[in-house]
Amino acid sequence: PLSQITTIEDLRQIARRKLPKMFYEYADTGSWTQTTYHANAADFAPIQFRQRVLVDMENRSLKTQMLGQEVKMPLAIAPTGLTGMFHADGEILAARACEKFGIPYTLSTMSICSIEDVAENTTAPFWFQLYVMRDREFMADLIRRAKAAQCSALVLTADLQIVGQRHRDIKNGLTVPPRPTLANLINLATKIEWGLKMLNTRRRTFRNIAGHAKDVTNLSELMPWVAKQFDPKLSWDDIAHIKDLWGGKLIIKGILDPEDAEKAVQHGADAIIVSNHGGRQLDGAPSSIRALPAIIQAVGSQTEVWLDGGIRTGQDILKAWALGARGTFIGRPYLYGLAAYGEAGVTRALEILYNEMDLSMAFTGHRDIQNVTREILVKGSYPEAA
Ligand code: HOC
């Protein structure tokens, strides 16, 4: 029963058993030496809480707002590519779990289900993540579709004009859906539940880019397509045009340097996400939690600063909040839940994070997240702006 699943790590183990190897490893990997990927999670560990006692702990709240939207806790689901390969109709199930739980869901351009698939199967507005294409008409069309689907924010990814090398994907010959080679068939034979569900859905390719990409189902075709389509010339000069086309709230994701944070504010970002793309792009860059304090110091009073990367517990969310992040995002933790148990697994991941954050806040002597500051952390244990 799901009540026996008490940690994100539990969900990760089940996901590993249930998923075809190439998809599990697509998620559970970083670029090159994976130093930044590991640091994202590891750098939360030395940060210590001040334990406070004999304070009223009844009636607690983690409620806050992200871009004016009321959220049950300072958390949203990050855009993740290939989500529909982690569970049939994965994007729809994850969006539904978010809607019921009360946090935002972000759909990736590189998702399996399309913007329309998700809109037709959910009621709450979701956010759409945009990759900028050289073919600006194609990009404008994605923005039009997101508007038509009433997406309530556009998340522009700024750190993936070119793709960092992930060794596991190359070695696994990642394909969507998996190609029936002998090695894959042997692996797939042990993933019957996944396979049956997948056979039962029409959604098995990248439906957002369908029509713009011929035969981009396997990595040897997808990567050249990404290299051809994603615009390596994307620059700050393009932001105004994207903002004009979109006309709504714009979030810039992938900021790791205070100077870039200042530029994002100057270019009208409504929020920024401190992120190194889950350690999947520039290996050797600082972890997100280390990068956060300098960015908060630079722009924290001018825009909403959020963070993704390395969150595996509700305590990590509390630490990020205490250091000034007004929202956080998870990718891998929800994908593990999705692969393990579909929508119920995503909900379970969210419940685990909620409970861990809620109880930890109480032990620091607080009942309302709005009163929590870096005062809950032991001085000297957390990263500070240089
Ligand atoms: C193989 C897909 O954000 C990631 C995603 C999508 C990148 C496009 C290439 O894998 O980090």
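The values are calculated or read from the model by the stated rules, or taken from the named source; none is laboratory data. What you see is a predicted model, and the numbers here were worked out from it, not measured in a lab. Heads up, the Cβs are rebuilt from the backbone with ideal geometry, glycines too, and the neighbour counts pull from every protein chain shown. Only protein heavy atoms, including side chains, enter the accessible area calculation; ligands, DNA and RNA are left aside. Shrake-Rupley method; radii C 1.70, N 1.55, O 1.52, S 1.80 Å.
How much of the accessible area of the chain, probe 1.4 Å, is carbon plus sulfur, in whole percent? All intermediate terms of the calculation are to be shown ahead of the outcome.
Values: 8350 of 16130 Å².
Reported share for carbon and sulfur atoms: 52 percent.
³J(HN,Hα) across region 248-256 via Karplus (A = 6.51, B = -1.76, C = 1.60, θ = phi - 60°), whole Hz, x for Gly/Pro?
x, 6, 10, 10, 9, 10, x, 8, 10
If amide hydrogens are placed 1.01 Å from N in the peptide plane, which non-local residues have theirs closer than 5 Å to the one on residue 109?
129, 131
Considering amide H positions built from the backbone, and no H for Pro or chain starts, which residues 5 or more places from residue 307, or on another chain, come under 5 Å of its amide H?
Under 5 Å from the amide H of residue 307 lie the amide H atoms of 274, 327, 328, 329, each far enough along the sequence or on another chain.
What are the semi-axes of the equivalent ellipsoid of the chain, taken as the square roots of 5 times the eigenvalues of the Cα gyration tensor, listed largest first and rounded to whole Å? Intermediate values should be presented prior to the final figure.
On the way: eigenvalues 196, 126, 78 Å².
Value: 31, 25, 20 Å, ordered largest first.
For the chain, give the share of DSSP beta bridges that are antiparallel, in percent and rounded to the nearest 5; count only bridges with both residues there.
Details: 6 of 33 bridges.
Given both bridge residues lie in the chain, the antiparallel proportion sits at roughly 20 percent.
Output the 0 to 90 degree angle, nearest 10, between the alpha-carbon long axis of helix 288-299 and the longest principal axis computed from the alpha carbons of the chain.
Computed tilt is about 70 degrees.
Over region 1-130, calculate the relative contact order: mean separation of alpha carbon pairs under 8 Å at least 6 apart, over the residue count, as a percent.
On the way: 122 pairs, mean separation 22.1, N = 130.
The value is 17 percent.
Relative to the longest principal axis of the C-alpha atoms of the chain, give the angle of the C-alpha long axis of helix 332-363, reported between 0 and 90° and rounded to the nearest 10°.
Between helix and principal axis, roughly 10 degrees.
Rounding to the nearest 20 debye, state how big the charge dipole of region 305-362 is about its Cα centre with +1 on each Lys and Arg Cβ and -1 on each Asp and Glu Cβ.
Values: 5 positive and 6 negative charges, 30 e Å.
Result for region 305-362 is approximately 140 debye, rounded to the nearest 20.
Ordered by packing density, taken as the mean number of other Cβ atoms within 10 Å over each peptide's residues, highest first, how do 332-342, 270-280, 199-209 rank?
Values: 332-342: 27.3, 270-280: 25.6, 199-209: 16.8.
Order by mean packing, descending: 332-342, 270-280, 199-209.
Using θ = phi - 60° and the Karplus curve 6.51 cos²θ - 1.76 cosθ + 1.60, what whole-Hz ³J(HN,Hα) does each residue of region 135-140 get, with Gly and Pro shown as x?
Going residue by residue, I get 6, 5, 5, 5, 4, 4 Hz, with x marking Gly and Pro.
Which residue, 29, 109, 190, tops the fluctuation ranking in a GNM of the chain built on C-alpha contacts under 10 Å?
190
Where the only charges are on Cβ atoms (+1 Lys, Arg; -1 Asp, Glu), what is the dipole of region 262-320 about its Cα centre, to the nearest 20 debye?
With only Lys, Arg, Asp and Glu charged at Cβ, the dipole is about 180 debye.
Could you go through region 114-124 in sequence order and give the Karplus-derived ³J(HN,Hα) for each residue, using 6.51 cos²θ - 1.76 cosθ + 1.60 with θ = phi - 60°, rounded to whole Hz, and x for Gly and Pro?
Per-residue couplings from phi come out as 8, 3, 5, 4, 5, 4, 5, 10, 9, 10, 6 Hz.
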